[in-house]
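Report on one structure; see the data block that follows.
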Amino acid sequence: MLYKNAKLFLDDRFAPGSFRVENGIFTEILESIPEEDGVDLQGATVLPGLVDIHTHGNSGADFSDGSDEGLRTMARYLARHGVTSFAPTSMTLPYETLARAFATGRRLADEQPAGHARVMGIHMEGPYFSEKKKGAQNAAYLRLPDVEGFQALYEGCGGLIRIADVAAELEGAERFAAEVSRLCKVSVAHTDADYEAACRVFDAGAGHVTHLFNAMPPLHHRKPGVIGAAAERDSVVAELICDGLHVHPSVMRAAFRLFPDRICIISDSLRCCGMPDGEYELGGQQVYLKGRLATLADGTIAGSASNLYDCLLTAIRSGIPAETAVRAATLLPARELGCADRIGSLAPGKLADFVVCRADLTPKAVFLGGEEVK
């Protein structure tokens, strides 16, 4: 099938062009408009399907529930909203609870049902976190880094974990980074680490930072902390929640300058995403949603109530160039999951996951494997 007369996002730029899809795969990307018959997109912008590497839930469902139907509900919602691949993200919970949730991720990844966003990995957020910077994580289940425990969970889901989090100051964090980074990305998160501790863990093998600025010490001119240690290492990629609430637009713009081509936009969405204001649950704690802001009972801000596509649009409205923002929500997160050879850009040989957009970049139609999501 030929799709022609479009404005294509090609890795880091927009260009007029056309593309062919056969058997769910991009077979040709053309910076021209062939004369032959095809689907005329009438100048619409086409983006790669978005990739969310940090999302807990939506539509009343949470990955940590360990429900197959709940995870399917999440995947259907994401697909309809332009997020065609994702890494369902866990919380700080007992190992047996995590194992059940990870098993649902494995099953959905293997099945890949039509009309559902693809599970391309699991993000294991917790339980190896700091009490002081636990944020909305449940303190009852915090524990020290545990390589053997992680390996059991990793093997139990067939190696589907792609990102595993750890607080850099905890005893055993360096060993965890060194050994687990051989299996997946190790991310520094929910940490009170100083600069020196963060450097040691990055040098041991960590290469990622979970929701930059949130649940970590601020960047201080005499105490650069995790942010300073990460920024000066070109190998470290940082997540940024661009819902307009977790990070001020000015800081959002600064982050993209501090981490050039090393920011992944994430949603950090909770089960209240796509739901009305009210009371919800997160990792055994109550969360209260009011006007897009989700908090614990004590006022601690939890995850977001926004999906990744909304976060992309918020980033652009906050002054991030569209080319930079789209790349940060597509190709860069695909790289972090180790699957940029299959998703994340409009390129021959990749899965034909794409979004046809209106002039303001809001999604008009979403395609998974060349089939429109209804």
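The values are calculated or read from the model by the stated rules, or taken from the named source; none is laboratory data. Everything quoted here is computed from the prediction, not taken from an experiment. No Cβ is skipped: glycine too gets one built from the backbone with ideal geometry, and neighbour counts run over all protein chains shown.
Looking for something among the charged types (D, E, K, R), under 22 Å from residue 236 (Cβ atoms) and outside any strand (DSSP E or B) - is there at least one such residue anywhere in the range 211-225? Break it down stepwise before answering.
Initially, the range 211-225 is screened for residues among the charged types (D, E, K, R), giving 222-223.
In the following step, the residues that additionally are under 22 Å from residue 236 (Cβ atoms) were identified as 222-223.
Next, only the ones that are outside any strand (DSSP E or B) stay: 222-223.
The answer is yes, given that some residue of the range 211-225 is among the charged types (D, E, K, R), under 22 Å from residue 236 (Cβ atoms) and outside any strand (DSSP E or B).
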- Taking into account only those residues within the range 315-354 that are of a type in the set (Val, Ile, Thr) and crowded, with 21+ Cβ neighbours inside 10 Å, which is farthest from the chain's Cα centre (by Cα)? 320
- Message: Of all residues being over 21 Å from the mean Cα position of the chain (by Cα) and of a type in the set (S, T, N, Q) in the range 265-295, which is surrounded by the fewest Cβ atoms within 10 Å (Cβ to Cβ)? Just the residue, please.
- Response: 286
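Here is a list: 185, 134. Which entry is touching a residue at least 60 places away in the same chain (Cβ under 8 Å), farther than 27 Å from residue 75 by Cβ and not polar (S, T, N, Q)?
Values: 185 fails: farther than 27 Å from residue 75 by Cβ.
Exactly one residue qualifies, and that residue is 134.
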- Task: Filter the range 90-115 for residues that are in contact (Cβ under 8 Å) with a residue 40 or more places away in the chain and touching a strand residue (DSSP E or B) at 6+ places or on another chain (Cβ under 9 Å) and give the result.
- Result: 91, 98, 102, 104, 105, 106, 108, 109, 114, 115
- Message: Among the residues of the range 188-200, are any part of a loop (DSSP other than H, G, I, E, B), within 26 Å of residue 106 (Cβ to Cβ) and out of contact with any Cys (no Cβ under 8 Å at 6 or more places or on another chain)?
- Response: yes
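Is it true that residue 204 is of a type in the set (A, V, I, L, M), under 24 Å from residue 247 (Cβ atoms) and without any contact (Cβ under 8 Å) to a residue 60 or more places away in the chain? Talk me through it step by step, then tell me what you get.
Details: of a type in the set (A, V, I, L, M): yes; under 24 Å from residue 247 (Cβ atoms): no; without any contact (Cβ under 8 Å) to a residue 60 or more places away in the chain: yes.
Against the criterion (of a type in the set (A, V, I, L, M), under 24 Å from residue 247 (Cβ atoms) and without any contact (Cβ under 8 Å) to a residue 60 or more places away in the chain), residue 204 does not qualify.
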- Message: Just to be sure before I move on: is residue 174 buried (at least 19 other Cβ atoms within 10 Å of the Cβ), at negative phi and part of a helix (DSSP H, G or I) in the structure I sent?
- Response: yes
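Please work out which residue is farthest from residue 89 (Cα to Cα), limiting yourself to the range 260-285 and to residues that are at pLDDT 90 or above and part of a strand (DSSP E or B). Reasoning before the result, please.
Here is the first cut: in the range 260-285, the residues at pLDDT 90 or above are 260-280.
Then keep just the ones that are part of a strand (DSSP E or B); that gives 263-266, 269, 278-280.
Numbers: 263: 18, 264: 15, 265: 15, 266: 11, 269: 9, 278: 22, 279: 21, 280: 17 Å.
Per the stated criteria, the residue is 278.
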- Selection from the range 142-171 of residues that are outside any loop (DSSP other than H, G, I, E, B), over 18 Å from residue 88 (Cβ atoms) and either in contact with a helix residue (DSSP H, G or I) (Cβ under 7 Å, 6 or more places away or on another chain) or of a type in the set (Phe, Trp, Tyr) (or both): 147, 149, 166
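Select the strands (runs of 3 or more DSSP E) contained entirely in the range 289-374, then report the ones holding at least 1 residues which are at pLDDT 95 or above.
Values: elements: 293-295, 354-357, 363-368.
By residue number, 354-357, 363-368.
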- Query: For residue 28, are the conditions met, namely being assigned to a loop (DSSP other than H, G, I, E, B), over 20 Å from residue 241 (Cα atoms) and either in contact with a strand residue (DSSP E or B) (Cβ under 7 Å, 6 or more places away or on another chain) or small (Gly, Ala, Ser) (or both)?
  - Reply: no
